[in-house]
1. Sort out which residues of region 30-73 are within 18 Å of the chain's Cα centre (by Cα), over 17 Å from LEU11 (Cα atoms) and polar (S, T, N, Q), and write them in order of number.
2. Test of understanding: among ASP241, ASP231, ASP163, which residue is under 19 Å from SER19 (Cβ atoms), of a type outside the set (A, V, I, L, M) and open to solvent by 30 Å² or more (accessible area, probe 1.4 Å)?
3. If you check ALA81 against the conditions, is it small (Gly, Ala, Ser), open to solvent by 60 Å² or more (accessible area, probe 1.4 Å) and at pLDDT 95 or above?
4. Do you know which residues across region 81-113 are in a helix (DSSP H, G or I) and over 13 Å from ALA51 (Cβ atoms)?
5. Which ones in region 37-75 are in contact with a helix residue (DSSP H, G or I) (Cβ under 8 Å, 6 or more places away or on another chain), under 24 Å from SER19 (Cα atoms) and loosely packed, with under 15 Cβ neighbours inside 10 Å?
6. Could you please let me know if PHE190 is under 21 Å from ALA162 (Cβ atoms) and out of contact with any strand residue (DSSP E or B) (no Cβ under 8 Å at 6 or more places or on another chain)?
7. What residue, among those in region 187-223 that are assigned to a helix (DSSP H, G or I) and of a type outside the set (Gly, Ala, Ser), is surrounded by the fewest Cβ atoms within 10 Å (Cβ to Cβ)?
8. Look through region 171-186, keep the residues that are under 13 Å from the mean Cα position of the chain (by Cα) and not β-branched (Val, Ile, Thr), and return whichever of them is surrounded by the most Cβ atoms within 10 Å (Cβ to Cβ).
Amino acid sequence: MKIVVIGGSGLIGSKLVNSLGAQGHEAVPASPKTGVNTLTGEGVAEALTGADVVVDVSNSPSFEDAAVLKFFETSTRNLLAAAADAGVGHYVALSVVGSDRLPDSGYMRAKVAQEKLIRASGIPYSLVHATQFFEFVQGIIDAATDGDTVHLAPVLIQPMAADDVAAAVAEVVVGAPTNAVVEVAGPEQFRLDELGRSILGAQQDPRSVQADPGARYFGATVGERSLVPADGARIAGTRLDDWRTRASRGK
């Protein structure tokens, strides 16, 4: 199968290209680095020619509300038009668990807008909703830091490794379109503030974490279960300690 991976040079995309290639598929990375610009449309039609599946794991270079909305709407419209012209039979996109529960977040509103365009396109599709990645927790901590204090809401979170995200997306990509959402998550639940303490403690970082119910997450106030999947989600195998061990070995 020819599978075009939009965002194929990024964290998830590069892993996905490798995984699909190892399975014997023709996995084609598509990104500005390979001459494919989904915002301008440059190279998109050429990249999708002959494709059986398109999978979009790209991300906006800016998280500012207007910019991120423009990115996902423009990029998705261009991709869907090219996919329809090319006769693509399966359109897969990676999104976020809880995106529809966090309307105060400009980023999440943009992901919801992306999904609406895909659903309305008439192309058979699958939407993969993943929980937060272990790899991005540090960024969340840094963004929540005020002086020597990190303000994190004491809500549930069920993070997963990027390797497991890529594996879950690959499984969906080679299957039949679901025309629905597939949720994937890590095997352990934490309180977000407790996870922050664990991450900082392992690094011997002197910052302290304060459980702050009013702390925002990507610009949104979060509830107890805003960031965790519903029952029936596909559960990945990598636990936090497993991921730490792999990361320390550079794997």
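The values are calculated or read from the model by the stated rules, or taken from the named source; none is laboratory data. Just so you know, these numbers come straight off a predicted model, no measurement behind them. Here the Cβ is made from the backbone with ideal geometry for all residues, glycine too, and neighbour counts use every protein chain on show. Just so you know, the surface numbers come from the protein's heavy atoms only, side chains and all, with ligands and any DNA or RNA stripped out. Shrake-Rupley method; radii C 1.70, N 1.55, O 1.52, S 1.80 Å.
1. THR38
2. Answer to the selection: ASP163.
3. no
4. ALA81, SER99, ASP100, ARG101, GLY106, TYR107, MET108, ARG109, ALA110, LYS111, VAL112, ALA113 - these are the residues of region 81-113 that are in a helix (DSSP H, G or I) and over 13 Å from ALA51 (Cβ atoms).
5. Correct list: THR49, GLY50.
6. Here the answer is no, as PHE190 does not meet what is asked.
7. The selected residue is GLU194.
8. Ranking the candidates gives ALA185 first.
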